[in-house]
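Below: the structure, in structure tokens.
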Amino acid sequence: MVALDNGIAGIDRPTKGLRLHNTLHGSKERFFTRDGSRQITWYICGPTVYDSSHLGHARNYLSFDILRRVLEGYFHYNVLYIMNVTDVDDKIINTARRNHLLSKFLENVEDTTQVLAELVKAFEEERRKQDKKVEEAKLELCNATSARQRQDLENNLKQEELKSDKLSQAFASMKEKEAVLCKLSKEQGIEMLLEGGSAAVLASFLDNIQKAEVSDPAIFRAHAARYEEDFFDDMQALGVKPPSVVTRVTEYIDVIIRYIQKIMERGFAYAANNSVYFDTKAFMDAGHTYGKLNPSAVGSMGLSSESESDFLTKDKKNNIDFALWKASKPGEPFWESPWGNGRPGWHIECSAMASDIIGSVMDIHSGGQDLMFPHHDNELAQAEAYYDCSQWVNFFLHSGHLSIEGLKMSKSLKNFITIKEALKTYTARQLRFLFVYQAWDKPLNFSESVMKEALTKEKDLQNFFKIVKNYLRKAGMDGGTYSKGLKGPQWLTSDDKELLMALQIAESEVQERLEDNIDTGGALLALLSLASSVNSYIDKKRDESSRPILVRNSAEFITKMLVIFGLSHARDDEIGFGSDATTSTGSQEAILTPYLDAIAKFREDVRAAVKEDVDIKGKVMGIADRFRDYTMVDLGVRLEDTANGSIWEMVDAQTLRNLRDEKIREAQEAKCKSLQSKLDRKKKDLDKYESALEDPKNIFLKQKELYSVFDANGIPTHDIEGKELSKKARKDVEKRMKKAEEEHATIKRKLEAKEIDLDQIKCDIVTLEKQLNEF
């Protein structure tokens with residue numbers, strides 16, 4: 001593959017325009033391309049395909065998809081977007097091999113006691129290894145040499161301690177299940193035992209013993225291929241644009257080997273026991289800087305060894321040196337090389353593949369913040385050693401962590417939500433709204449409250465487009481037609497001028513926000529402010545002469561920006577969120593408008609007719625409401641009844657289903673609450689009536705824990721200790737007796753007059769309890 005022309009790395013930087021937060025220098029800098037052209041070369045670290053992608057991955061790839069769309073759609077750059085796929089790596093090898101060994105083990109077990117016995121040993125071994133990691137993390141923290149390193153190591157310790165807690169919880173959960181194993185079939189028992197992280201612990205234990213037995217390379221390739229396809233399916237479901245170029249490590253082995261050879265020729269790497277290591281001391285002695293992105297992490301073994309097994313070895317000259325080529329070990333795939341059979345180290349792949357396509361100067365390199373050190377710092381060192389240059393990447397962009405409960409979402413912490421799981425609760429657009437609204441380079445703690453913010457923004461814009469579209473239809477300007485909107489005088493009123501000014505301010509504010517580190521959240525707020533101004537204008541002008549062209553121009557600008565952000569699928573002259581479905585003759589909405597207008601009018605007429613005939617009202621309105629809430633929802637159409645008639649808008653069907661189901665749930669909760677309240681009242685009444693029917697003489701006779709002597713009428717005369725009641729106490733009990741006698745007489749009279757029906761109350765209680773149980 002031929003590398004692109006490198007251009008000139010040191011061209012004059014522009015003094016105005018787009019500024020991006022460049023992690024290389026920790027500040028916002030004026031953006032420039034390597035040759036001053038509109039062509040951007042951009043390399044993004046792609047997935048390590050060993051398991052399903054989670055929302056932490058979505059944070060990274062959706063955030064940079066948004067930035068890419070803004071650079072292309074708003075700033076009009078041409079972006080060459082390159083993504084690698086790591087399809088051979090410690091995580092892939094270990095996961096594939098462990099899954100294979102676990103499957104083989106489960107095929108041969110005779111009963112659940114065998115699985116349980118192995119699990120107990122597995123947890124003991126895993127606990128020993130995890131305790132060691134925690135102690136090592138504590139020791140490293142004690143030896144921290146800077147505030148930044150201390151912060152990183154504190155996070156590292158926190159995560160290792162959380163892993164310990166989760167391990168303890170998984171073990172406790174497994175032991176609790178032991179007692180019920182005898183009641184389950186073999187298959188059910190095994191499935192239950194392996195829940196909650198136990199399967200991974202057992203697989204790791206089996207791997208320690210049997211890893212050398214796995215030699216078929218197809219096991220590893222099939223595992224990686226499965227999760228690569230899974231990853232790109234998730235990206236498509238999220239609406240992430242495909243890369244311009246995709247590179248796989250296993251297809252670049254020859255390129256990687258030649259890359260390593262050149263680094264060795266320059267004196268920055270050495271071979272030892274069939275492996276090759278990068279010589280960090282030689283690199284720094286030659287005047288290069290190692291650890292540009294996170295210099296405080298250099299020297300920390302805990303941070304340097306991130307995602308690299310067997311990092312510490314006697315073969316290295318320096319503990320912080322890292323592997324470029326790893327000698328093969330039993331149970332691993334390998335390739336031939338000048339140094340013996342082995343495979344690439346984790347970091348070298350990106351340097352070699354990106355260099356092969358882009359060359360010696362790259363405009364943008366991006367990835368998650370967790371990749372800054374060691375991965376990206378090692379990438380930089382490798383490429384600068386290869387080219388003998390001082391700067392391989394001009395702009396490094398790092399997306400902020402996505403956390404849950406303050407901790408980075410992670411497979412190892414078992415605190416992740418897969419993308420597929422998230423898409424069962426939220427639509428792709430709603431997740432994108434979240435990342436558009438949040439700063440791409442700042443940490444984000446995922447929660448219901450932050451998602452609620454995103455959903456509110458979406459709902460506000462949905463309502464805006466609904467109002468605007470219905471306004472424009474009545475003004476005769478739907479579908480882009482504007483001739484009817486020009487009827488009458490065209491001079492601008494103060495309200496018209498105010499709306500025109502609001503549009504100009506929004507356009508200026510959006511540009512300012514996007515030029516400032518592509519602040520899509522600020523730009524979105526500017527769009528929402530414009531939408532609010534349009535809504536106010538429509539409310540003022542509902543019954544007056546208005547300028548629908550101004551309304552449409554504002555809606556078109558908002559739509560254009562939403563399209564750029566990837567939030568809208570609107571095409572041509574559409575306004576709003578658009579639809580995924582189009583036809584050759586125009587947008588789906590434009591084609592369906594006359595039909596949906598007719599449906600809305602039909603429902604409006606039905607509602608008006610039933611008001612005149614109360615006998616059929618419930619039945620017909622039930623049919624009309626089901627048509628609105630189910631038939632139309634499944635077609636992606638929201639019908640809404642207003643004082644001015646039925647109106648409609650096209651919305652993503654899943655969004656409408658979610659909204660409908662939420663309303664149903666709220667209605668059910670309200671009904672349940674109402675039924676419970678009725679049941680409580682009925683039970684209270686029954687208790688009251690039955691108590692009142694009892695002979696009043698028995699009221700105090702039952703309270704022998706308070707009184708010891710009673711007169712002929714059942715009124716107590718002495719307390720429990722045999723002491724005669726005082727006059728005041730005697731008067732009080734006589735008063736209570738009199739009240740009980742009156743209530744007894746009243747209830748008895750009402751029962752005889754059939755004003756109270758105890759049997760009916762009991763029947764009502766049974767009915768209410770049955771209705772509650774149905775919830």
Inset, instruction - Sum -39500 (n - 2.57) across every DSSP H segment of at least 4 residues in the chain, then divide by the residue count to get the 222 nm mean residue ellipticity, nearest 500. - result: -18000 deg cm²/dmol
Legend entry - Part-to-part distance (alpha-carbon centres) for the range 229-280 and the range 121-139, which is given in Å: 32 Å
Legend entry - Where labels lie 7 Å past Cα in the beta-carbon direction, separation of GLU187 and LEU139 in nm: 4.9 nm
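Where a ≥ b ≥ c are the square roots of the eigenvalues of the C-alpha gyration tensor, would you call the range 662-773 rounded, which needs a/c under 1.5, or, failing that, prolate if a/b is larger than b/c, or oblate?
In terms of gyration-tensor shape, prolate.
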Inset, instruction - Rounded to the nearest Å, what's the spacing between the alpha carbon centres of the range 163-198 and the range 616-640? Just the number, please. - result: 47 Å
Legend entry - the range 503-554: GluC sites (Glu not before Pro) falling in loop per DSSP and having at most 16 other Cβ within 10 Å: GLU544
Legend entry - Under the Karplus curve 6.51 cos²θ - 1.76 cosθ + 1.60, θ = phi - 60°, whole-Hz ³J(HN,Hα) for the range 378-386, x wherever Gly or Pro sits: 6, 4, 4, 4, 4, 5, 5, 5, 5
Legend entry - Integer Hz, Karplus 6.51/-1.76/1.60 couplings in order for the range 502-515, x for Gly and Pro: 4, 5, 5, 5, 5, 4, 5, 5, 4, 4, 4, 5, 6, 5
Legend entry - Phi to ³J(HN,Hα) by Karplus 6.51 cos²θ - 1.76 cosθ + 1.60 over the range 713-727, Hz, x for Gly, Pro: 8, x, 8, x, 10, 9, 7, 4, 8, x, 7, 4, 5, 5, 4
Inset, instruction - For ILE756, enumerate residues with amide H under 5 Å from its amide H, sequence gap 5+ or separate chain, H modeled in the peptide plane. - result: LEU751
Inset, instruction - Please list the non-local residues whose amide H lies under 5 Å from the amide H of HIS21, H modeled 1.01 Å from N, same-chain partners needing a gap of 5 or more. - result: GLU29
Legend entry - Computed label-point distance, nm, for sites LYS617 and THR493 using a 7 Å Cα→Cβ extension: 3.8 nm
Legend entry - Dipole in debye (nearest 20) - the chain, about Cα centre, beta carbon charges: Lys, Arg +1; Asp, Glu -1: 1980 debye
Legend entry - Antiparallel bridges, percent of DSSP beta bridges restricted to the chain (to nearest 5): 55 percent
Inset, instruction - Please sort by residue number the GluC sites (Glu not before Pro) in the range 25-115 whose DSSP state is loop and whose Cβ has at most 15 other Cβ atoms within 10 Å. - result: GLU110
Inset, instruction - Once you have the Cα-Cα distance between GLU125 and ALA172, take 0.36 nm times their residue separation minus that, and quote the gain in nm to one decimal. - result: 15.4 nm
Inset, instruction - Classify the chain as rounded, prolate or oblate from the Cα gyration tensor: take a ≥ b ≥ c as the square roots of its eigenvalues, call it rounded if a/c is under 1.5, otherwise prolate when a/b beats b/c and oblate if not. - result: oblate
Inset, instruction - Figure the gain on full extension for ASP285 and CYS389 (residue separation times 0.36 nm, minus the Cα-Cα span) and round it to one decimal in nm. - result: 36.0 nm
Inset, instruction - Just grab the label-to-label distance for GLN668 and SER215, each label 7 Å out from Cα along the Cβ direction, in nm (one decimal). - result: 5.7 nm
Inset, instruction - Would you mind checking which residues have amide H under 5 Å from ALA272's amide H? H placed 1.01 Å from N; only 5 or more apart, or other chain. - result: TYR277
Legend entry - Acute angle (nearest 10 degrees) that the helix 520-541 long axis makes with the longest principal axis of the chain, alpha-carbon atoms: 50 degrees
Inset, instruction - Fewest Cβ neighbours within 10 Å first, please rank TRP648, TRP491 accordingly. - result: TRP491, TRP648
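Read the figures in this text as sums done on the coordinates, not as results from a lab. Bear in mind the structure is a predicted one, so any value in this text is a computation, not a measurement. Neighbour counts are summed over all protein chains in view; Cβ atoms, including those assigned to glycine, are modelled from backbone coordinates with ideal geometry.
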